[in-house]
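Notes follow the structure.
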């Protein structure tokens, strides 16, 4: 499953540079698919997007994780690095987005080997 950042976040930013997929963004900051990946285009809901096109922030207040870019660091590290460095333990499993290790590895391949 993906990791999410809870509202306990103190906005320290320790997690952001640890993500191998650039899936973590500061509250209020736009994100895009291409940052930290090899994606050039993304197809979502039947629409093909330029992967470098800015996407609306998922949170205005706290750091956030883009679920579709989160691989829980599978294929990179033994554990999610955001959770390992978080001083307030606000990086937790997102029970709404459960994925197997195999699914996370497929996502990693999609993000980095396209």
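Each reported figure results from applying straightforward, stated rules to the coordinates on display, with no laboratory input. Since we're looking at a predicted model, the values are computed, not measured. We place every Cβ from the backbone using ideal geometry, glycine too, and count neighbours over all the protein chains shown.
Quick one: grab the alpha carbon gyration tensor of region 34-78, order the square roots of its eigenvalues as a ≥ b ≥ c, and give me rounded if a/c is under 1.5, else prolate or oblate depending on whether a/b is larger than b/c. Because a/c hits 1.5 or more and a/b fails to exceed b/c, region 34-78 counts as oblate.
Each label was represented as a point 7 Å from its Cα along the Cα-to-Cβ direction; for residue 96 and residue 11 these points are 2.2 nm apart.
In terms of the Cα gyration tensor, with a ≥ b ≥ c the square roots of its eigenvalues, is the chain rounded because a/c is under 1.5, prolate because a/b exceeds b/c, or oblate? Verdict is oblate for the chain. Taking each DSSP H run with n ≥ 4 as -39500 (n - 2.57) and averaging over every residue of the chain yields -4000 deg cm²/dmol at 222 nm. Once both labels are positioned 7 Å from their Cα atoms along Cα-to-Cβ, the gap between residue 50 and residue 84 label points is 3.6 nm. The alpha carbon gyration tensor of region 1-58 gives principal lengths a ≥ b ≥ c with a/c of 1.5 or higher and a/b greater than b/c, which makes the shape prolate.
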